[in-house]
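Okay, so here's the structure we're looking at.
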Amino acid sequence: MTTLVTATHLFFLCVSVFLLTMIGFSFYWYLQESVVLPAPPLSALYLNSDFDIETRINDLLSYMTLEEKIGQMALVEKNSIIEVSDISSYNLGALLSGMGAGPEQNSAAGWKTMVTNFTQESNNSRLKIPILYGVDAIHGHGNVPGATIFPHTIGLGATGNEALVLEVARATALEVAATGINWTYSPTLDLPRDIRWGRTYEAFSDDPELTSRLGRTYVKGVQSVTVESITSLPVVLATAKHYVGVGAMKWGSSSNKNFKIDQGTTIIDEQLLRTEYLPPFKAAIDAGVMSVMVGLNSYGDTKMSAESYLVTTVLKEELGFQGFTVSDWYAVYEMAGSDYDNAVSAINAGIDMVMLPFDYKPFIKNVSRAVACGEISEERIDDAVRRILRAKFFLGLFNEDKSIPELSVVGSTEHRVLARRAVAASLVLLKNEVRALPILPSVNHIRVAGSAADNIGRQAGAWTVEWQGIDGNWLPGATTILAGIKNRAKGAVVEYNMSGIFSSTTTVLADIGIVVVGEKPYAEGWGDTEFPSMSSEDVLAIKNMQSAANLVIVVIISGRPLLIADEIAGIDTLVAAWLPGSEGAGVADVLFGDVPFRGQLPLPWPYYAEQLPISASGTTSDGTPPLFPRYFGLQ
Ligand code: BGC
């Protein structure tokens, strides 16, 4: 009996404590939300650009409430904003367009209007702290129809050309800034060791040295773009991503049930992590990068966003990173604990801004509660906000004279000419056994085939208007590879059939056949595949072309080396053209010899999957030589 009474009492006691706590919290929130705080004085130092950045940050921090600080740490997907006024009332730090999310009127002008409206709303907040607005401008301002689409990063890696990468990064930042956006999630500094990974093409190379060189240059390019104004401050922040060890995940270890290797476990030890994966980030920091995105991979059993040793000790303390860290898409909530526990672990590990990307209200409440309970220190919050504000001051977001480039730079002729040059510089000649290349002026009959010859979507790849890309011919202002060939071969007869079937094949052979084979666009883990290869339709198109032309050139459009052990012997002339983007004419420039072949493989090209992963020194897993080693490329 006594035991029963005690248990019942205990139960009621617990319920009462719970209810009282809830009432307490609700009252606290009511008070928080109903108190109207005064605006800062017009003489506030942070509003005065005569003061140095650190003084301005300290001043601004002194006006901020805890909730305002936590709001700055939230990065929200723009379609998750419940009321636009939440941007100012919650003092949100940043918005992003995730998965390419654009405005209803999906044009450069539509983007500018959308982003400007969001930004203006942030200026209605008590302290008028402007938002950052982020996009994945990973190969030009790819979300925007009509923007210049540069080759995907792996193509830039194949050029090995810093001056060119600098120009590409600057042009990209200009187009981004013209639409009112001030933050790009590029460059990618991953080092892909296993080309079955669906993100291979987002990287420059698997070589830490080349990646460091081009990554550093890209950061400088993006962050050096200024627009005539009194202050001439940069207009776009770069992001070094994905920190760290991304590309060294084990096949089959993905934490996402739909994927194989993307979001998997990095399997190298700390020494290799330091000698291979850290240097590109060090180079980016030395170049002044102001944000670093922490990857969706795990290290051991720990998701990278909870890796305090790597994020705080190594990145911030050892490498001296002064900007802010941002977690990747939903990463913080993919950990094993409750939303509350996960937010606590990530922030304590050193994540400064959380890409939520959806539920910002619970996030702000959870983090406030954690600070109230002492699970996150106020110093940690101040450190995170200080870093975010530093980036905002670096961009001069508080300066009234801040201006942005003219919208006409988006997809401008100048940028398209540059992109075409980049395409031409990225082509790698892998085989030229019968000297089919360059195509001579005497050639007067050309046949073209293959799934990627007349398909902008394939040559642009994913992250183009749609996250997963669009397979087909839809992109304003773009030129297909076929159009580029036709234009260059004026005077010659150019026939096209995707399958390589031509009515007069039996009687007439063309001088040259060009088969442009290609992968369908894919992004992230959706591109993980056991056997990256040519489609059977493309293999058949090559066969058909071999009976339709005297000399056959095969051009591969792909985000990675394809496994072509079965086909290679039957191909005399082979070119890797990566994912060239909107300016397909750059391919013809090289095929016809107007520009020499200068590209080199930015990573080894394996024969078969058993050779994967391939180490940084180029050694395959089974010890046999790859089909082509890294830096191979005929002149
Ligand atoms: C990707 C990041 C990207 C982010 C925002 C994530 O899924 O891993 O590279 O920057 O989405 O779009």
* Asked: Failed condition for R170, given (1) in contact with a Gly (Cβ under 9 Å, 6 or more places away or on another chain); (2) of a type in the set (D, E, K, R); (3) in a loop (DSSP other than H, G, I, E, B); (4) surrounded by fewer than 24 Cβ atoms within 10 Å (Cβ to Cβ), with all others met?
  -> (3)
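Is it fair to say I261 is outside any helix (DSSP H, G or I), over 23 Å from Q72 (Cβ atoms) and open to solvent by less than 10 Å² (accessible area, probe 1.4 Å)?
Values: outside any helix (DSSP H, G or I): yes; over 23 Å from Q72 (Cβ atoms): yes; open to solvent by less than 10 Å² (accessible area, probe 1.4 Å): yes.
Answer is yes for this residue.
Out of all the residues in segment 264-284, which are part of a loop (DSSP other than H, G, I, E, B) and free of Cβ contacts under 8 Å to residues at least 24 places away in the same chain? Spell out the reasoning first.
From segment 264-284, those part of a loop (DSSP other than H, G, I, E, B) are 264, 267-269; that's our starting set.
I267, I268, D269 - these are the residues of segment 264-284 that are part of a loop (DSSP other than H, G, I, E, B) and free of Cβ contacts under 8 Å to residues at least 24 places away in the same chain.
If you go through segment 518-540 one residue at a time, do you hit one that is in the same structural domain as L430 (by TED's automatic domain parsing) and closer than 22 Å to V443 by Cβ? Full working, then the answer.
Of the residues in segment 518-540, the ones in the same structural domain as L430 (by TED's automatic domain parsing) are 518-540.
Subsequent filtering for residues that are closer than 22 Å to V443 by Cβ retains none.
No, there is no match, as no residue in segment 518-540 is in the same structural domain as L430 (by TED's automatic domain parsing) and closer than 22 Å to V443 by Cβ.
Can you tell me which residue among L272, L233, L214 is of a type in the set (A, V, I, L, M, F, W, C), over 22 Å from S327 (Cβ atoms) and modelled with pLDDT under 95?
The conditions single out L233.
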* Structure fact -> When every residue in segment 79-133 that is among the aliphatic types (A, V, I, L, M) and within 19 Å of G469 (Cα to Cα) is compared, the one most open to solvent (accessible area, probe 1.4 Å) is M99
* Structure fact -> Exception for G599 within (1) open to solvent by 10 Å² or more (accessible area, probe 1.4 Å); (2) under 17 Å from G157 (Cβ atoms); (3) not polar (S, T, N, Q) falls at (1)
* Any chance G180 is part of a helix (DSSP H, G or I) and either buried (at least 22 other Cβ atoms within 10 Å of the Cβ) or away from the ligand (no atom under 16 Å from the Cβ) (or both) -> no
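For segment 82-165, give me every one of the helices (runs of 4 or more DSSP H) that falls completely inside it and has 1 or more residues that are within 23 Å of L395 (Cα to Cα) and within 16 Å of the ligand (Cβ to nearest atom). First the steps, then the outcome.
On the way: elements: 86-89, 108-122, 153-159.
Qualifying helices (runs of 4 or more DSSP H): 108-122.
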* Which condition does V225 not pass, out of (1) out of contact with any helix residue (DSSP H, G or I) (no Cβ under 8 Å at 6 or more places or on another chain); (2) more than 13 Å from the ligand (Cβ to nearest atom); (3) not charged (D, E, K, R), if it passes all the others? -> (1)
* Given the conditions (1) of a type outside the set (A, V, I, L, M); (2) under 30 Å from T620 (Cβ atoms); (3) surrounded by fewer than 24 Cβ atoms within 10 Å (Cβ to Cβ); (4) within 18 Å of the chain's Cα centre (by Cα), and given that E209 satisfies all but one, which numbered condition is not satisfied? -> (4)
* To do: Tally the residues that are open to solvent by less than 40 Å² (accessible area, probe 1.4 Å) and not in a strand (DSSP E or B), restricting the search to segment 484-532.
  => 17
* Asked: When only residues in segment 573-589 that are touching a Ser or Thr at 6+ places or on another chain (Cβ under 9 Å) and not in a loop (DSSP other than H, G, I, E, B) count, which is surrounded by the fewest Cβ atoms within 10 Å (Cβ to Cβ)?
  -> A585
* Considering segment 332-369 alone, what residues qualify as being over 22 Å from N91 (Cβ atoms) and in contact with a Gly (Cβ under 8 Å, 6 or more places away or on another chain)? -> S345
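The values are calculated or read from the model by the stated rules, or taken from the named source; none is laboratory data. The shown structure was predicted, so the numbers you read here are calculated from the model rather than taken from an experiment. Every residue, glycine among them, receives a Cβ derived from its backbone with ideal geometry; neighbour counts consider all protein chains shown. What goes into the accessible areas is simple: the full protein's heavy atoms, side chains included, and nothing from ligands, DNA or RNA. Shrake-Rupley method; radii C 1.70, N 1.55, O 1.52, S 1.80 Å.
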